[in-house]
Amino acid sequence: MTQVTRDSLYRRHRFPAEVIAHAVWLYIRFPLSLRMVEDLLAARGIIVSHQTVRFWVEKFGRHFANDIRRRSAGKLGDKWYLDEVVISIGGTKHWLWRAVDQDGFVLDVLVQSRRNAKAAKRLMRKLMKGQRHSPRVMITDKLRSYGAAKRDIMPGVEHRSHKGLNNRAENSHQPTRRRERIMKGFKSARHLQRFVSIHDPVANLFHIPRHEISSDHHRELRTEAMELWNQIARLQTT
């Protein structure tokens, strides 16, 4: 009979590691509410409250995301697309700054209260620290703050500023927008930062660029992603 070996990460938790990891995976991987995950688990005979699912996501989701981030550090693309989008929290505007590479993988994300050169510099410094290298080229929209920040942070990098070239970064905000609607808004800037810091790395793990790959290869990559997820979640079968 197959059994799941309990890792020390799950110590003092009543539910098996497999159940906890599956609940976290459901919530992060798909645009589901906490109550939807509660119902999906209940359909399998697993009775757990949505508050418990929220706790699992915040605790274990952060751990999984940090592990994914460490594994991918310095290994993503050298063509960076930067963009910012406004998100209203409690009637106050905040700016969600995000950078993705040429394959659509999220490099980093930062919630800030301003949309200026200082905010752009903070994002670029965070990117340089996390990716451990500068990009070959940086692509942004027409916001002048990017150019001013780039001259100070990475002056030797090619900068292409054009609205039509930045669709990749703009499209990367869509999953957050969907979640914003499902959650009926974010509670605070800290809540938003915590949310995207957990969700974006996991989305990277399961992001499979579809250009020029066959259906069989796509399935192989998806299987590899699930196997890696099981490693990160410390699920071992014997």
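The values are calculated or read from the model by the stated rules, or taken from the named source; none is laboratory data. These numbers come from a predicted model, not from an experiment. Reconstructed Cβ throughout: ideal geometry from the backbone, glycine too, with neighbour counts over all protein chains shown.
Across the stretch 1-10, which residue is modelled with the lowest pLDDT among those that are more than 12 Å from Phe60 (Cα to Cα) and surrounded by fewer than 16 Cβ atoms within 10 Å (Cβ to Cβ)?
Taking the candidates together, the pick is Met1.
With the requirement that a residue be exposed (fewer than 13 other Cβ atoms within 10 Å of the Cβ) and either under 17 Å from the mean Cα position of the chain (by Cα) or acidic (Asp, Glu) (or both), what does the stretch 183-221 give you?
Scanning the stretch 183-221 gives Arg190, Pro209, Glu212, Asp216.
Please verify whether His173 is modelled with pLDDT under 90 and over 15 Å from the mean Cα position of the chain (by Cα), treating the condition exactly as stated.
Taking the combined requirement at face value, the residue does not satisfy it.
Would you check if Glu170 is in contact (Cβ under 8 Å) with a residue 40 or more places away in the chain and not hydrophobic (A, V, I, L, M, F, W, C)?
So Glu170 passes the test.
Which of (1) assigned to a loop (DSSP other than H, G, I, E, B); (2) of a type in the set (A, V, I, L, M); (3) over 17 Å from the mean Cα position of the chain (by Cα) does Leu76 not meet, given it meets every other one?
(3)
Scan the stretch 220-234 for residues that are in contact (Cβ under 8 Å) with a residue 24 or more places away in the chain and either among the basic types (Lys, Arg) or touching a strand residue (DSSP E or B) at 6+ places or on another chain (Cβ under 7 Å) (or both) and report the count.
Final tally of qualifying residues: 1.
Condition test on Ser88, is it of a type in the set (S, T, N, Q) and more than 24 Å from Phe186 (Cα to Cα)?
Answer is no for this residue.
Note down all Cβ pairs under 8 Å where the first residue falls in the stretch 124-142 and is in contact (Cβ under 8 Å) with a residue 40 or more places away in the chain, the second is among the hydroxyl-bearing types (Ser, Thr, Tyr) and surrounded by fewer than 23 Cβ atoms within 10 Å (Cβ to Cβ), and they're at least six residues apart or on different chains.
Final answer for the pair search is Ile139/Ser161; Thr140/Ser161; Asp141/Ser161.
Quick check on Leu82: is it under 30 Å from Thr140 (Cβ atoms), not basic (Lys, Arg) and not in a loop (DSSP other than H, G, I, E, B)?
yes
Determine whether Tyr81 is over 22 Å from the mean Cα position of the chain (by Cα), modelled with pLDDT of 90 or more and surrounded by 18 or more Cβ atoms within 10 Å (Cβ to Cβ).
On the way: over 22 Å from the mean Cα position of the chain (by Cα): no; modelled with pLDDT of 90 or more: yes; surrounded by 18 or more Cβ atoms within 10 Å (Cβ to Cβ): yes.
Judged against the criteria, Tyr81 is not a match.
For the structure I just gave you, tell me whether Asp103 is within 18 Å of the chain's Cα centre (by Cα), at pLDDT 95 or above and not polar (S, T, N, Q).
no
Taking the stretch 24-62 only, how many residues are more than 17 Å from Ala225 (Cα to Cα) and outside any loop (DSSP other than H, G, I, E, B)?
Number of matching residues: 22.
Return the residues of the stretch 143-170 that are exposed (fewer than 15 other Cβ atoms within 10 Å of the Cβ), at pLDDT below 90 and under 19 Å from Val86 (Cβ atoms); say none if nothing qualifies.
Hits for the stretch 143-170 are Lys163, Asn167.
With (1) under 22 Å from His133 (Cβ atoms); (2) exposed (fewer than 14 other Cβ atoms within 10 Å of the Cβ); (3) in contact with a Gly (Cβ under 8 Å, 6 or more places away or on another chain) as the list, and Arg70 as the residue in question, which single condition is left unmet?
Every condition holds for Arg70 apart from (3).
Any residue in the stretch 195-209 that is among the polar types (S, T, N, Q) and either farther than 15 Å from Arg98 by Cβ or out of contact with any Lys or Arg (no Cβ under 9 Å at 6 or more places or on another chain) (or both)?
No: zero hits.
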